[in-house]
Amino acid sequence: MEVGKIKLYQDFINQVKDIIEAEFGLMDDSGTILACSNIKMIGSVSPLIDKIKEKDGQFTSIENQSFYRIRIKNKFEYIAFIHSKDPNNEKYLKLISVNIINIRSSYDEKHNSTSFIENIILDNILPGDITLKAKDLRLPNNVNRVAFLIKTQKLEDIYAHEIVGGLFPSRNKDFVIILDDETTVLVKELKGERQQAEINKNAKNIIDTLLTEGMVRAKVGIGTVVDNISDIARSFKEAQTALLIGGIFENEKNIINYSRLGIGRLIYQLPPTLCELFLEEVFKGGAFEAIDPETMNTVIKFFENNLNISETSRQLYVHRNTLVYRMEKIQKATGLDLRLFDDAIIFKVAILVKRYLDNYKSIT
């Protein structure tokens, strides 16, 4: 039996155990106790299971204990029990039965819908079958949705999908899918006009909650918003691409949006041979390798400050003349004056191309 389903049963019992002044719980048809007001009993087997099966009808009492068989889709799957002589036991057990059936129905509906969404993003369902299956599961077809791809480091006893699922518990609207120990997908329904703001807020919430509750660092890739359930697969693939390209060009970021990849997406689509020719043209005679780390860090900070020398020198705690000297070192090595806009663009693109080639060579 699924762990999530058992947890829901136990949560229900925990909520009502102060009302029923006796030990009570739920067992399967083999007598194994799945959930109980006395948690020490969970996992044990009732010694009365054979006698219970010999009795006719749903309700029966044996040795000062009461039992009620719960039917799921015309099949007896569970047995609710109470250890007491209370004359109201049958009423208690009927109420427990109704709640267990509702919990099970809700869980199965959610589970089936999640499996359906998983099959969509993994291309395991024919496009022509998607609309029909969505109708069977009562999932709206034409609503706005977006895919979040969440990557975490692999840790024992920490389950990122449970934390993410706790953030987005809405049944039949938000779907949390586990791809592997390090990869979780959230497909979220969107409403309202400020959807991009909502997306960014959700992504930040995921990052912050994983860190505070599970001490897990994560990266989130975000696809574009789609308005048809069949297009969820595209949003998912875009989220994958966002993490892949972002990992090359913006590795310091933990939230990467496909629609904000900028020039990195363009470079990623270029043939490596063309990129090599470009670098040879910009950095003749190994000029790039001649730039020391301190100077390169200065250049990066210079770009972050929109070519503002005064602000860059302030942030680096260096004199303005020191910064100018480093810029002149770059100009001497490469022929590019980074204080000029056109030269700065060439150098910036060259850095990105170099990152792409280094990454490409490491995986080929």
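Numbers at a glance
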quantity	calculated
Test: ARG265 is at negative phi, at pLDDT 90 or above and basic (Lys, Arg)	no
Residues of segment 184-195 classified as in contact (Cβ under 8 Å) with a residue 24 or more places away in the chain and either closer than 18 Å to LYS253 by Cβ or surrounded by fewer than 17 Cβ atoms within 10 Å (Cβ to Cβ) (or both), total	3
Cβ-Cβ under 6 Å pairs, at least 6 apart or on other chains, segment 249-263 side farther than 17 Å from ILE207 by Cα and of a type in the set (A, V, I, L, M), far side modelled with pLDDT under 95 and crowded, with 20+ Cβ neighbours inside 10 Å	LEU261/ILE245
Positions within segment 60-93 being within 14 Å of ASP29 (Cβ to Cβ) and of a type in the set (A, V, I, L, M), in sequence order	ILE70, ILE72, ILE79, ALA80
Where LEU126 falls short, out of the listed (1) surrounded by 11 or more Cβ atoms within 10 Å (Cβ to Cβ); (2) at negative phi	(1)
From GLU280, GLU252, residue being in the same structural domain as LYS332 (by TED's automatic domain parsing), loosely packed, with under 13 Cβ neighbours inside 10 Å and at pLDDT below 90	GLU280
Test result for ILE96, part of a helix (DSSP H, G or I), within 15 Å of GLY25 (Cα to Cα) and modelled with pLDDT under 90	no
Those residues of segment 29-75 which are within 18 Å of VAL98 (Cβ to Cβ), among the small types (Gly, Ala, Ser) and part of a strand (DSSP E or B), in sequence order	ALA35, SER66
Count of segment 1-15 residues which are at pLDDT 90 or above and surrounded by fewer than 16 Cβ atoms within 10 Å (Cβ to Cβ)	3
Among the candidates LYS173, LYS154, LYS135, residue that is among the charged types (D, E, K, R) and touching a residue at least 24 places away in the same chain (Cβ under 8 Å)	LYS154
All helices (runs of 4 or more DSSP H) inside segment 287-364 with 1 or more residues being among the acidic types (Asp, Glu) and touching an Asp or Glu at 6+ places or on another chain (Cβ under 9 Å)	320-334, 341-363
Qualifying residue in segment 347-360 (condition: within 30 Å of LEU149 (Cβ to Cβ), free of Cβ contacts under 8 Å to residues at least 24 places away in the same chain and not aliphatic (A, V, I, L, M))	yes
Unique residue being acidic (Asp, Glu) and assigned to a helix (DSSP H, G or I) when the list is GLU252, GLU276	GLU276
Filter result (touching a helix residue (DSSP H, G or I) at 6+ places or on another chain (Cβ under 6 Å) and either surrounded by fewer than 21 Cβ atoms within 10 Å (Cβ to Cβ) or not assigned by TED's automatic domain parsing to the domain that holds ILE256 (or both)) within segment 227-236	SER230
Among (1) over 41 Å from the mean Cα position of the chain (by Cα); (2) more than 29 Å from ASN112 (Cα to Cα); (3) surrounded by 14 or more Cβ atoms within 10 Å (Cβ to Cβ), the one test that SER46 misses	(1)
Candidate set: segment 295-335, residues that are surrounded by fewer than 15 Cβ atoms within 10 Å (Cβ to Cβ) and hydroxyl-bearing (Ser, Thr, Tyr); chosen: the one nearest to the chain's Cα centre (by Cα)	TYR317
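The values are calculated or read from the model by the stated rules, or taken from the named source; none is laboratory data. As the structure is a prediction and not an experimental result, all values here were calculated from the model. Glycine gets a Cβ as well: all are built from the backbone with ideal geometry, and neighbour counts include every protein chain shown.
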